[in-house]
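Asks: Below is a structure I'd like to ask you about.
Every number here is computed from the coordinates shown, using simple stated rules; none is lab data. Since the model is a prediction, treat every value here as computed from it, not as a measurement. Cβ placement follows ideal geometry from the backbone for every residue including glycine, while neighbour counts extend to all protein chains displayed.
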Amino acid sequence: MSAVKHGTPYAYNKGCRCANCTEAKRVAHAKYRRSLGIPERKLGLEHGTQAGYTNHRCRCDECKDAQRRAVAEYRAIRAANVARARDMGLAK
C-alpha cells in the first residue's frame, strides 16, 4: 500500500489496517456520527441492562433481572397479540 497515504480513513477503506489508519477511520466515523446527531457509543458493559445479559453474556443479578423483565414484557405483548388475533378469528 505504498501509493496510499497512511493515517487516513481513505487508506483504511482501501484495506490498510495499521494502527494509524484504524485510528483515523475511528475518529472520522465518530465525527460523522456526531454530525448526524447520533450519540457516542458507550464502550464496555453497562450492568442492569438486557444488552449486558445478551451481548456481553453477563450473568450478574442486575443483568439477569433486566433479561427477566424484557422476556416477561415480550411474553405479555405476544399473549395480547395472540388474544387479539383469536378475537378477530385469525388464530385458533
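Asks: Test of understanding: ordering VAL4, VAL27 by Cβ neighbours within 10 Å, fewest first, what list do you get?
Replies: Lowest to highest Cβ neighbour count: VAL27, VAL4.
Asks: Another one. Reachable lysines from LYS5, Cα under 20 Å, same-chain residues fewer than 8 places away excluded?
Replies: LYS14, LYS25
Asks: Counting each DSSP H run of 4 or more residues in the chain as -39500 (n - 2.57), what helix-only mean residue ellipticity at 222 nm follows after dividing by all residues, to the nearest 500 deg cm²/dmol?
Replies: It lands at -19000 deg cm²/dmol.
Asks: Additional query: Which of the cysteines found in the chain have nothing to pair with, since no other Cys Cβ lies under 4.7 Å from theirs?
Replies: When partners are defined as cysteine Cβ atoms under 4.7 Å apart, the chain leaves CYS18, CYS60 without one.
Asks: Relative contact order for the chain: what percent, with Cα pairs under 8 Å and sequence separation of 6 or more?
Replies: With pairs under 8 Å counted, the relative contact order is 13 percent.
Asks: Taking K and R as +1 and D and E as -1, what net charge do the other residues with C-beta under 13 Å from the C-beta of LYS31 add up to?
Replies: Within the 13 Å Cβ shell, the charges total +2.
Asks: For LYS31, give me every one of the aspartates and glutamates with a C-alpha distance below 19 angstrom, ignoring sequence neighbours fewer than eight places off in its own chain.
Replies: Hits, sequence-local ones excluded: GLU23, GLU40.
Asks: Next up: Order by neighbour count: TYR12, TYR74, fewest other Cβ atoms within 10 Å first, most last.
Replies: TYR74, TYR12
Asks: Sorting ASP65, ASP87 on the 10 Å Cβ count, fewest up front, what's the list?
Replies: Ranked by crowding around the Cβ, least crowded first: ASP87, ASP65.
Asks: Hey, any idea what the orientation-averaged projected area of the convex hull of the chain's Cα atoms comes to, in nm²?
Replies: Mean orientational projected area (the chain, Cα hull): 10.7 nm².
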